[in-house]
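Novice: Take this structure first; my questions come after.
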Amino acid sequence: MKICRQTSESNFMNYIDVTLTYESGMRGVEFEPARILKKDGWNAKTLHLYSHAGTHMDAPFHFEVNDGTIDNIPAERFFTMCYVIDLTEIEPNSEINISDLGEAQNKLQKGEGLIFRTGWSKFLNEPKYRNELPGISKVLAHWCVKKGVATIGVEPPSVADVSNMKLLTEVHHILLGGHIIIVEGLANLDKISKPKVKLIALPLKIKDGDGAPCRAIVIED
């Protein structure tokens with residue numbers, strides 16, 4: 001979804017919803033009726049949500065890197081200027097390396113972020129979405145920490161191979177231990193036309209949460 005708002009006669013800001021739609025039956029998502037209008041006077045659902053379902057944010061406690069939980073992440077961390085890295089031709093099970101960053105490798109400044117556009121969200125309902133995902137390499141993860149990257153956003157459900165627990169743990173430890181916000185399960189990145197955008201990712205404020213579903217929006221100015 002892409003919404004344009006005119007801010008002046010010649011200046012437009014584009015708002016792009018890069019959040020997956022939560023549906024009952026999605027991995028870690030189930031809904032059930034709680035109230036029905038005809039019977040109770042209003043409609044309402046009971047939501048059963050896995051903390052890392054759909055578009056979500058990881059907290060350091062997810063891998064016990066430290067005791068940082070989702071409710072304790074400062075609100076200012078949810079707003080980041082990010083370079084969009086186009087990797088739509090990437091092969092399944094590939095590792096993303098420093099050389100894949102292109103011009104952003106030299107332009108990126110401390111406190112900025114990276115969004116990796118792989119087109120992977122189109123595989124959402126296929127086994128390869130989870131089983132063959134492209135992941136962040138350990139070398140790139142260390143580089144991001146050294147550069148002071150604030151946020152990393154990816155389309156797959158994880159930043160690293162979920163079938164390789166050692167690698168999965170190491171990459172998360174590097175990134176989360178380096179104070180990098182991780183947003184996984186992004187969608188609609190093909191709607192982004194600018195090389196640098198603002199990412200807003202707002203997780204549910206869950207007490208002692210290891211992570212949380214979030215609404216993620218990209219703003220093109």
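Read-outs: derived from the displayed coordinates by stated rules, not from any lab. Every value quoted in this text rests on a predicted model; they were computed, and no experiment measured them. Positions of Cβ are generated from backbone atoms using ideal geometry, with glycine treated the same way; all protein chains shown enter the neighbour counts.
Novice: Rounded to the nearest 20 debye, what is the charge dipole size of the chain about its Cα centre when +1 sits on each Lys and Arg Cβ and -1 on each Asp and Glu Cβ?
Specialist: The calculation lands at about 520 debye.
Novice: Using the charge dipole of the range 84-221 (Lys, Arg: +1 at Cβ; Asp, Glu: -1 at Cβ; taken about the Cα centre), state which of PHE123, GLY177, VAL154 has its Cα farthest towards the positive end.
Specialist: Towards the positive end, the residue furthest out is GLY177.
Novice: Who wins for biggest fluctuation among VAL171, VAL18, VAL162 in a Gaussian network model of the chain, springs between alpha carbons below 10 Å?
Specialist: For the chain, modelled as a Gaussian network with Cα springs under 10 Å, the answer is VAL162.
Novice: Let me ask something else. What share of the DSSP beta bridges in the chain is antiparallel, in percent to the nearest 5?
Specialist: Rounded to the nearest five, the antiparallel share is 70 percent.
Novice: With viscosity set to 1.002 mPa s and temperature to 20 °C, compute the Stokes-Einstein D of the chain, Rh being the Kirkwood radius across alpha carbon pairs; µm²/s, no decimals.
Specialist: Diffusion coefficient, whole number: 119 µm²/s.
Novice: How far apart, in nm, are two points set 7 Å out from the Cα along the Cα-to-Cβ line at ALA44 and at PHE12?
Specialist: It is 4.1 nm.
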